[in-house]
Amino acid sequence: MSRDPRYDPLFEPLRIGPVTAPNRFYQVPHCSGMGFQHPRMLASMRGIKAEGGWGVVCTEYCSIDPGSDEAPHNCASLRDADDVRNLRAMTEAIHAQGSLAGVELWYGGHTSANLDTREVALDVASLPNTASFGIPAQSQAMSRGDIRAFRAMYRAGAERALEADFDIVYVYANHHYLLHNFLNPYFNRREDEYGGSRENRVRLLREVIEDVGDVVAGRAALAVRYSIAADCDAEPELLECFRLVAELPDLWDITVDNYDLEMGSSRFLREAANQAAVARIKSLTSKPVVSVGRFTSPDTMLAQITGGVQDLIGAARPSIADPFLPRKIEEGRLEDIRECIGCNICYAHESLGVPIRCTQNPTMGEEWRRGWHPERIQKRHADQGVLVVGGGPAGLEAARTLGQRGYTVLLAVAERELGGRLNRETRLPGLSEWTRVRDWRLGQLRRMPNVAIFPENRLDADAVLELDAEHVILATGAHWRRDGVGRHSNEAFTGHQDNAVIGVEDVFAGMIPEGRVLIYDDDHYYLANAIALQMRAAGCAVTLVTPAVKLAAWSGFPDEHAGIMRSLYAAGVEILTAQALTAFDGSVAEFSSVFGGPGTSIEADYLLPVTARAPDDALWCALDERGDDLAAAGILSLQRIGDCRAPGIIAQAVYAGHRVARELGATAAAARRDRVVL
Ligand code: ADP
Ligand code: SF4
């Protein structure tokens, strides 16, 4: 198959200064959690994106000086000749596919705690550190000498970028890093020639653009990453600064001035949400413009180009969820595109200081470590059959991957609808895009003649033994406990058997209580607050109580916390923190302070604990005890995966399903470790 000619504009080359992008698919700089620590993983991951058709593939933020370090976040770096050598592995992998390689030269400023290097950060003023793993310390206000040194540092970074063979070299002037702060009158209160008037505040950016431009002239394109307010007219200052430098670089990479909006989770933001602001910038410059918008629909992408919103389709998450997205459009295989669900699990793991992973793409981060390619896979090791029990994310991915390998697969599922937890959770407010995890896999499975699906088939051990399969994989899931056992307490609360205690599974089954509902969140992610919003919308008075100091604390890693809190307050949900549930008598719940302060009593008609899950492992236990029967039935292997083995996030279940299928019949090799060896 070949592409629909409608999409031709997405495949037109574009000149960017002295280089030419082969098409309009542009993987903007995005964090990988690999950075300078894992250069082989990084090169392999970025190279695969180029293979998948991304015409430009960039690094993450790339430190140019020890004074710019965001440990334990893992940035790239171009601080010395060894960094040049390491990053050359990445540019070679990208060039081998005919794509351009970009590098985002970065200096942090007061947002960098420099926990690794212990250097003092420079910035426009002495500003308190704001890093998530921050320190109670401030930056050094830059003197004129510091500014001269900073410019020299950028020039040296650009020279190393050329040595590493990059085609596009960025000046990084957004995300509240140093150059951005000089532009911003809120932070820049200097009284020298770098502060005060707009021309003065723009001076350093202009100088750095000119310095880097001198270095890369004729050899690489100069890009500037720049942000504007989502509502340009409400906050015109950055727009006005932009006008002063609009024609200087070869390319503008535009973001909005707020991470919540730039890479907002799908709970709160849709595709192409910021296009009005991007179009505004484009109208102010003759230079090409690129910006992100979690673009997964080829038609939306096309409209960006033909509608003059931007010249290149910027992508971070869509390129993580499907590194082969451009290739699939090119080959007319739109139904194979694995769309990002906007869960931000990728970003969450970068925030945690480890290599990224992806809910939709289980090979992300495993390209070098385990040798997993997102599209190619080893064929089956033998002409054998596999029974997969369970149609949640783990079972669906296992069946799909085994089907791709050519095994004969029987997929048995208790319910009529496949999807497992996805079917239940995605009915909650804001989570509908997560159905893509189910739908993409179902779409693939239905086109595989070697996979047979048996819905409404709840299997017991005898039924499994009777089926004709050499391998059995159990992915039977988990259910939510209703006794309050969770992270904070390993004991059930007094009164947990009361009729007024409802479980998450009751809510999934469609129960909407009336009156005052008290939700106890010892899960700390999305479920309790999504149920709170659902019940509030149904007219309940809702109070959310958590034993943690911060409600939904883990949602900070996928950058959803602010959105969750805003939506809870807007909906009128009451919130109480640092209170641990001890008892409920059907009308009053008792809490004790986790710090020994005063406890609380709250009247409620219903109490809903969202704490921990219990694995649904009865089938596993029954089969595990019948080793002789398994052998007699010709079953060579029995494995359990996903939530029935260890309840976790959806990304973990998909990964488990993929891994068990990859490794079936293969000698399981330990993952390679990308590290310095003396
Ligand atoms: P995971 O996240 O590990 O994939 P889910 O809870 O989403 O788990 O899915 C569990 C799946 O297992 C559901 O499709 C459910 O219908 C199915 N299931 C559970 N027990 C059985 C059984 N005994 N026979 C067939 N299917 C089962
Ligand atoms: Fe998209 Fe989630 Fe994958 Fe990130 S982890 S790329 S948000 S599907």
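Things worth noting here:
- Any hit, region 300-323, residues being within 16 Å of ligand 2 (Cβ to nearest atom) and acidic (Asp, Glu): yes
- The lone criterion from (1) touching a strand residue (DSSP E or B) at 6+ places or on another chain (Cβ under 9 Å); (2) within 19 Å of Gly665 (Cβ to Cβ); (3) within 11 Å of ligand 2 (Cβ to nearest atom); (4) not aromatic (Phe, Trp, Tyr) left unmet by Glu350 is number (2).
- On inspection, Leu411 fails the criterion of being at pLDDT 95 or above and more than 13 Å from ligand 1 (Cβ to nearest atom).
- The set of residues in region 511-537 that are out of contact with any strand residue (DSSP E or B) (no Cβ under 8 Å at 6 or more places or on another chain), within 22 Å of Ala614 (Cβ to Cβ) and part of a loop (DSSP other than H, G, I, E, B) comprises Met511, His524, Tyr525, Tyr526.
- Scanning region 648-664 for residues that are more than 16 Å from ligand 2 (Cβ to nearest atom) and surrounded by fewer than 19 Cβ atoms within 10 Å (Cβ to Cβ) turns up just one, Glu663.
To keep it simple, each residue is scored yes or no on (1) at pLDDT 95 or above; (2) under 16 Å from Ser77 (Cα atoms).
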{"residue": "Thr130", "(1), (2)": "no, no"}
{"residue": "Phe133", "(1), (2)": "no, no"}
{"residue": "Gln140", "(1), (2)": "yes, no"}
{"residue": "Asp146", "(1), (2)": "yes, no"}
{"residue": "Ala161", "(1), (2)": "yes, yes"}
{"residue": "Asp167", "(1), (2)": "yes, no"}
{"residue": "Tyr172", "(1), (2)": "yes, yes"}
{"residue": "Arg190", "(1), (2)": "yes, no"}
{"residue": "Arg203", "(1), (2)": "yes, no"}
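- Conditions (1) among the charged types (D, E, K, R); (2) in contact with a Leu (Cβ under 9 Å, 6 or more places away or on another chain); (3) outside any loop (DSSP other than H, G, I, E, B); number of the one not met by Arg327: (2)
- Candidates Gly419, Gly430, Gly406, filtered to the one that is surrounded by fewer than 24 Cβ atoms within 10 Å (Cβ to Cβ), free of Cβ contacts under 8 Å to residues at least 60 places away in the same chain and under 22 Å from the mean Cα position of the chain (by Cα): Gly419
- Answer from Thr426, Thr408 - the residue that is of a type in the set (Val, Ile, Thr) and within 16 Å of ligand 2 (Cβ to nearest atom): Thr426
- Just one of the numbered conditions (1) more than 30 Å from Thr20 (Cβ to Cβ); (2) part of a helix (DSSP H, G or I) is not true of Tyr186: (2).
- Selection status of Asp165, within 29 Å of Met90 (Cα to Cα) and crowded, with 17+ Cβ neighbours inside 10 Å: yes
- Here is the figure for region 131-162: residues that are among the polar types (S, T, N, Q), surrounded by fewer than 17 Cβ atoms within 10 Å (Cβ to Cβ) and assigned to a loop (DSSP other than H, G, I, E, B) total 2.
- Of all residues in region 32-53, those being among the small types (Gly, Ala, Ser) and not in a helix (DSSP H, G or I) number 4.
- Of the residues Leu608, Leu623, the single one that is more than 32 Å from the chain's Cα centre (by Cα) and not in a loop (DSSP other than H, G, I, E, B) is Leu623.
- Residue match in region 636-647 (condition: hydrophobic (A, V, I, L, M, F, W, C), within 16 Å of ligand 1 (Cβ to nearest atom), surrounded by fewer than 17 Cβ atoms within 10 Å (Cβ to Cβ) and part of a strand (DSSP E or B)): no
- With respect to the stated conditions, Ile564 fails to be in contact with a Cys (Cβ under 9 Å, 6 or more places away or on another chain) and either under 27 Å from Asn258 (Cα atoms) or surrounded by fewer than 17 Cβ atoms within 10 Å (Cβ to Cβ) (or both).
- Scanning region 270-299 for residues that are surrounded by fewer than 19 Cβ atoms within 10 Å (Cβ to Cβ) and within 16 Å of ligand 2 (Cβ to nearest atom) turns up Arg270, Glu271, Ala273, Ser297.
- Residues in region 643-654 that are touching a residue at least 24 places away in the same chain (Cβ under 8 Å) and touching an Asp or Glu at 6+ places or on another chain (Cβ under 9 Å) were compared, and the one that is farthest from Arg481 (Cα to Cα) is Val654.
- Residue satisfying all of: in region 351-368; within 13 Å of Ile48 (Cβ to Cβ) and touching an Asp or Glu at 6+ places or on another chain (Cβ under 7 Å); nearest to ligand 1 (Cβ to nearest atom) among these: Asn361
- In region 218-237, the residues that are surrounded by fewer than 21 Cβ atoms within 10 Å (Cβ to Cβ) and not in a loop (DSSP other than H, G, I, E, B): Glu237
- Number of the condition not met by Thr255 [criteria: (1) farther than 30 Å from Gln444 by Cα; (2) at pLDDT below 95; (3) of a type in the set (Val, Ile, Thr); (4) touching a Gly at 6+ places or on another chain (Cβ under 8 Å)]: (4)
- One residue stands out among those in region 570-622 that are touching an Asp or Glu at 6+ places or on another chain (Cβ under 6 Å) and without any contact (Cβ under 8 Å) to a residue 24 or more places away in the chain: the one that is surrounded by the fewest Cβ atoms within 10 Å (Cβ to Cβ), which is Ser601.
- Failed item, numbered, when Arg357 is tested on (1) within 8 Å of ligand 2 (Cβ to nearest atom); (2) surrounded by 24 or more Cβ atoms within 10 Å (Cβ to Cβ): (2)
- Some residue of region 363-378 being under 17 Å from His30 (Cβ atoms), of a type outside the set (Ser, Thr, Tyr) and crowded, with 24+ Cβ neighbours inside 10 Å: yes
- The sole residue among Ala631, Ala614 that is more than 16 Å from ligand 2 (Cβ to nearest atom) and in a strand (DSSP E or B) is Ala614.
- Residues that are among the small types (Gly, Ala, Ser) and farther than 25 Å from His658 by Cβ, drawn from region 450-482: Ala461, Ala463
- Residues satisfying the stated conditions in region 111-130, i.e. in a loop (DSSP other than H, G, I, E, B), in contact with a Ser or Thr (Cβ under 9 Å, 6 or more places away or on another chain) and over 30 Å from Val57 (Cα atoms): Glu119, Val120, Val124, Ala125, Ser126, Leu127, Asn129
- In the condition set (1) farther than 27 Å from Trp554 by Cα; (2) away from ligand 1 (no atom under 16 Å from the Cβ); (3) surrounded by 23 or more Cβ atoms within 10 Å (Cβ to Cβ), Val389 is compliant with all but (2).
The values are calculated or read from the model by the stated rules, or taken from the named source; none is laboratory data. Note that the structure is a prediction, hence the values are computed from the model and not measured. FYI the Cβ positions are ideal-geometry reconstructions off the backbone, even for glycines, and counts take in every protein chain you see.
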